[in-house]
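Each value in this text was obtained by applying a stated rule to the coordinates, not by laboratory testing. Quick caveat, the model's predicted, so the values are computed rather than measured. Virtual Cβ from ideal backbone geometry, glycine too; neighbours counted across all protein chains shown.
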Amino acid sequence: MKKLVCILLFFFTFEAPAQQSLFNVPGISITKKKEVFFQEQANLTKDGNTVNFNTAYGLGSNLEMGFNLIGVGIGFDKNRPVLLTNSSVIDGRPYSPLFMLTALKAIPIGEYIKIGLGGQIGLNPIQSKITANDIATFDYVNTRFEIPKANLMLCAGGYYGNLAYIGKKDQFGGMFGAEYIVVKHKFLLMADWIISKNAASVIVPGFVYHPHHNIALSFGWQLPSPGTSNRQGLVFELTLGNFSSK
């Protein structure tokens, strides 16, 4: 119980004016010019708890850039929270935490289809050595399909992540996501899937609630992708952005 309270306090009390994602899959919804987007995600599992911070700034012309701080692991030693880190690929785990610079360019194909080309590059900010093997990268292409008459959005694409970012086993994989609008700008059903057999390969179904047009609260249940040993857990997201302008 003490662990849960500590994580939730950390999750809800961090304040700030991402590459925008569903739970884990980029949704190719570009931050508008001169607007700022912020998202904080907390993952609670049996093996440990992590927090991610994602930001993006709209540059115009369907382009955004920002930075992410991901994989901030929180453990407990004698009931005291401690930062969990990893800077080695020996055990097959991704590096953590990682500070990543991000960029995303969307290419509209008609009114309801967008192709997104995005990437992240960065490193573990607390490790003492920086070599080519320590640079983490994640690159992807994703396609967003909007079906307004069905209140539905679908996205599908593929990705590559190196050892520092995604750990051992498959570095290539697919991605899929969906949103169904129950009440416009108020309540949505949402799910996504990072497809492959690596540390990022999970399925997360859940929902999104907008208490305000600039705020979204997302709740999901993390499930391991078939063929992986990833843990089940809870996912919470706090997202700040002008959703009424999407």
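Here are some notes:
- In this calculation the C-beta distance from L154 to L117 is compared with R0 = 25 Å, giving a FRET efficiency of 0.85.
- Those aspartates and glutamates that a straight Cα-Cα span of less than 17 Å connects to K34, excepting residues fewer than 8 apart in one chain: E64
- Remark: relative contact order (the range 34-117) = 22 percent; criterion is Cα-Cα distance under 8 angstrom and separation of 6 or more residues.
- Cβ-placed point charges (K, R +1; D, E -1), dipole of the range 115-175 about Cα centre in debye, nearest 20: 100 debye
- Relative contact order of the range 147-208, pairs being alpha-carbon contacts under 8 Å that are 6 or more residues apart, as %: 28 percent
- Ranked by how many other beta carbons lie within 10 Å on average, peptides 208-214, 118-124 from highest: 118-124, 208-214
- Whether the range 82-140 is rounded, prolate or oblate, judged on the alpha carbon gyration tensor where a/c under 1.5 counts as rounded: prolate
- Residue-averaged [θ]222 nm for the chain, counting only DSSP H segments that reach four residues, each worth -39500 (n - 2.57): -1500 deg cm²/dmol
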